[in-house]
Amino acid sequence: MARMISRQPLRLRAMQITTARGFAYGRLIFWLALTGWGYASWFLATPIAANMRERINDLSVVPGAGLIMRDPEGIFYHVNTEGQSRAIFPELAPPVYQQACLDCTLVTGEQLSQTNDFCITGIPKHLPQLDFEIPCHTWAPQGTGRRVISFGLFIAPLLLFWALRALLQKQQPQPVH
């Protein structure tokens, strides 16, 4: 016995179910893709940030980098791992380490981060090789470069997607009522 069902109510019911499920699946796919892109952008930023110059405020986290010390006259020195020093501020001496800094006191990372008169910079993949800037021009503290680049990689395609979507919606003809 064949059942006769009106096609119109069944079609409307099917559209309502499909639309609701499709909307839920679409959101799930969107959020999964967004999460995947977040992880991908974090890992894509690693090789880019490895070549980026960063400011180093705490030399103790860089093995073999030495120390920053200050003498009673206010001259800052970089003391290498052999205990030899060279002046780095207020004037940057040539990279020749010949003398010991006998009356010097240790300068902490907190004290270094509070000054922009000079700073220590380095490229992560070339550490413990250090450079000194007078005055400091490098903005990114150590470890921040990767986060900034990964955020840029993450957000740029999203902004482009939303901008293109808005343009396409604006160009579609609007129905006249």
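The values are calculated or read from the model by the stated rules, or taken from the named source; none is laboratory data. All values derive from a computational prediction rather than experimental measurement. Here the Cβ positions follow ideal geometry from the backbone for every residue, glycine too, while neighbour counts run over all protein chains shown. In case anyone asks, the SASA skips ligands and DNA or RNA and just uses the protein heavy atoms, side chains included. Shrake-Rupley method; radii C 1.70, N 1.55, O 1.52, S 1.80 Å.
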- Roughly speaking, what is the centre-to-centre gap between region 142-175 and region 95-124 when only Cα atoms are used, to the nearest Å? 41 Å
- For the pair Ser113 and Thr35, what calculated FRET efficiency results from E = 1/(1 + (r/R0)^6), where r is the Cβ-Cβ distance and R0 = 30 Å, to the nearest 0.05? 0.35
- Which residues in region 49-64 place their backbone N less than 11 Å from a point set 7 Å from the Cα of Thr144 along the Cα-to-Cβ direction? 54-57
- Message: Counting only other residues whose beta carbon sits under 10 Å from that of Ala140, what net charge do I get with K and R as +1, D and E as -1?
- Response: +3
- Query: Got a number for the accessible area of Asp58? Probe 1.4 Å, square angstrom, nearest 10.
  - Reply: 70 Å²
- Item | Whether region 100-139 is rounded, prolate or oblate, judged on the alpha carbon gyration tensor where a/c under 1.5 counts as rounded | oblate
- Task: About the Cα centre of region 57-163, how large is the charge dipole given +1 on each Lys and Arg Cβ and -1 on each Asp and Glu Cβ? Please answer in debye to the nearest 20.
- Result: 560 debye
- Message: At 0.890 mPa s and 25 °C, plugging the Kirkwood radius over alpha-carbon pairs of region 126-168 into Stokes-Einstein gives what diffusion coefficient in µm²/s?
- Response: 183 µm²/s
- Checking rank on 84-90, 26-32, with mean other Cβ inside 10 Å and highest first, the result is 84-90, 26-32
- Task: For region 17-113, give the magnitude of the charge dipole about the Cα centre (Cβ charges: +1 Lys/Arg, -1 Asp/Glu; no others), in debye to the nearest 20.
- Result: 860 debye
- When only C-alpha pairs under 8 Å and at least 6 residues apart count, what is the relative contact order of region 39-108, in percent? 24 percent
- Query: For Tyr25, Tyr77, what's the largest-to-smallest order of accessible area, 1.4 Å probe?
  - Reply: Tyr25, Tyr77
- In whole percent, what relative contact order does region 32-165 give with Cα contacts below 8 Å and a gap of six or more residues? 32 percent
